[in-house]
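The values are calculated or read from the model by the stated rules, or taken from the named source; none is laboratory data. Just so it is clear, the structure is predicted and the values come from calculations on it, not from any experiment. Here the Cβ positions follow ideal geometry from the backbone for every residue, glycine too, while neighbour counts run over all protein chains shown.
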Amino acid sequence: MTYELAVLLARIPLDVAVPLLIGIAVMVSLIGTWVVNTIYTPFQLEPNNLVGGAKFSFLGEVYAVTLALALIGAFDRYTDAQTTVQKEVATLVSLERAADIYDQPGQAEVRAKMKSAIREYARAVVEKEWRTMSLGVPSFEVTHRLNQLSDVFLKADPITAGQQALQQNTVEWVRQINESRSFRLTTVSRSLVSLVWILLGLGTTIAIVFPWFFGTVNVVSQAMMSAILVSFLVMHLVVVLHLAYPFVGETAVSPSAFLAVAQ
C-alpha cells in the first residue's frame, strides 16, 4: 500500500469507512461463494473440506501472527507519537516556568519575550504544523518560531546564581524540543513498511477466497460464516491503519496539550 493511498483511507470518516470496507469485502465473499456453488455442486466441493481445511487452518495461523505483529507495531507507533507530543509539551512548560526565574530588575522584557516565544511556538504548531504533519512536511512558520524561542533562551544573560545554574537546563530543554519536533515530523516515514501491508492484503484475500471451495449442503450458513470472518478481519485492518498513522483521521493524536500552552 502506498503512503498516499493509506493516508486517503485513514482520512475517510470511520462511520463511512467501516461500513464501506466491510460491505465491499462481504459482497466479494458472497459473490464468490455463489459463483463457485453455481459451477460446482456441494458434493463435488465436499472432498476439499479435509485437505483444504488443514491448509486453511495453517494459513490462518500464519495470518494471525502477521496481523498481531502489525497491530502491535502500529500501536507502538501511535503510543510513541503520543509520548513525543507529551514530552514536547512538558519541555515547553518547563521552559515557561524557567522564564519566571528571570525576575530581577531590568529582566522584565527578557521574561516577556521568553513567555511570548513559547506561546507563539505552541500556537504555530497547532494552527500550521498539525495539518501538514500527515504529509511529513514541516511548517516554515513553526521553524521560524522555534528559532526565535532558541535565540531568546540561549542568548539570555543570567545574573543570579540560580539563573546561571538554570541556564544549563534551558539549553538542554531547547535541544529536547528540537529533537521532539523532528521525531514528531518523521512519524509518517516510520510507519509500517509496504511489505507488511502486502502480507496483510494477501492474507485477507486468502481468507475471503479459500472458503469458496469448501462444500456444504447449507450454502447459506457457509456464506454467513464467511461474511462474519471477513468483517472481523476488515475491522482489524482498519484499526491497524489508523494506529499506523497517528496524525491522520478521526483517531489522530490531539493537539490539545499544545493549546493549553498557547493560551
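Within the option set Ala156, Ala165, Ala117, Ala124, being outside any helix (DSSP H, G or I) and small (Gly, Ala, Ser) holds for one residue only, Ala156.
Results for (1) farther than 29 Å from Phe258 by Cβ; (2) surrounded by 15 or more Cβ atoms within 10 Å (Cβ to Cβ); (3) not β-branched (Val, Ile, Thr), shown as yes or no for each residue.
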position	(1), (2), (3)
Ala6	no, yes, yes
Leu20	yes, no, yes
Val35	yes, no, no
Phe43	yes, no, yes
Val51	yes, no, no
Phe58	yes, no, yes
Asp76	no, no, yes
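Among the numbered conditions (1) modelled with pLDDT under 90; (2) more than 25 Å from the chain's Cα centre (by Cα), the only one that Trp173 does not meet is (1).
Would you say Asp76 is closer than 23 Å to Val142 by Cβ, assigned to a helix (DSSP H, G or I), acidic (Asp, Glu) and within 38 Å of the chain's Cα centre (by Cα)? Give the steps one after another, and end with the answer.
On the way: closer than 23 Å to Val142 by Cβ: no; assigned to a helix (DSSP H, G or I): yes; acidic (Asp, Glu): yes; within 38 Å of the chain's Cα centre (by Cα): yes.
The answer is no for Asp76.
Are any of the residues in the stretch 42-57 of a type in the set (Lys, Arg), assigned to a helix (DSSP H, G or I) and modelled with pLDDT of 90 or more? Checking the stretch 42-57: not a single residue is of a type in the set (Lys, Arg), assigned to a helix (DSSP H, G or I) and modelled with pLDDT of 90 or more.
Residues in the stretch 89-104 that are without any contact (Cβ under 8 Å) to a residue 60 or more places away in the chain and either part of a helix (DSSP H, G or I) or among the charged types (D, E, K, R) (or both): how many? Lay out the reasoning, then the answer.
Here is the first cut: in the stretch 89-104, the ones without any contact (Cβ under 8 Å) to a residue 60 or more places away in the chain are 90, 97, 99-100, 103-104.
Right, trim to either part of a helix (DSSP H, G or I) or among the charged types (D, E, K, R) (or both) and you get 90, 97, 99-100, 103.
Qualifying residue count for the region: 5.
Scanning the stretch 220-263 for residues that are in a loop (DSSP other than H, G, I, E, B), surrounded by fewer than 19 Cβ atoms within 10 Å (Cβ to Cβ) and not small (Gly, Ala, Ser) yields Glu250, Thr251, Gln263. Only one of the numbered conditions (1) in contact (Cβ under 8 Å) with a residue 40 or more places away in the chain; (2) assigned to a helix (DSSP H, G or I); (3) exposed (fewer than 14 other Cβ atoms within 10 Å of the Cβ) is not met by Val217, and that is (2).
Residues being surrounded by 18 or more Cβ atoms within 10 Å (Cβ to Cβ), in contact with a helix residue (DSSP H, G or I) (Cβ under 7 Å, 6 or more places away or on another chain) and farther than 26 Å from Gln82 by Cβ are entirely absent from the stretch 171-194. Test of understanding: among Thr186, Thr205, Thr216, Thr160, which residue is modelled with pLDDT under 90, within 25 Å of the chain's Cα centre (by Cα) and not acidic (Asp, Glu)? Exactly one of Thr186, Thr205, Thr216, Thr160 is modelled with pLDDT under 90, within 25 Å of the chain's Cα centre (by Cα) and not acidic (Asp, Glu), namely Thr186.
Within the set Gln86, Gln107, the sole residue that is under 25 Å from Val174 (Cβ atoms), polar (S, T, N, Q), touching a residue at least 12 places away in the same chain (Cβ under 8 Å) and surrounded by fewer than 18 Cβ atoms within 10 Å (Cβ to Cβ) turns out to be Gln86. All of (1) under 30 Å from Gly162 (Cβ atoms); (2) modelled with pLDDT under 85 hold for Lys87 with one exception: (2).
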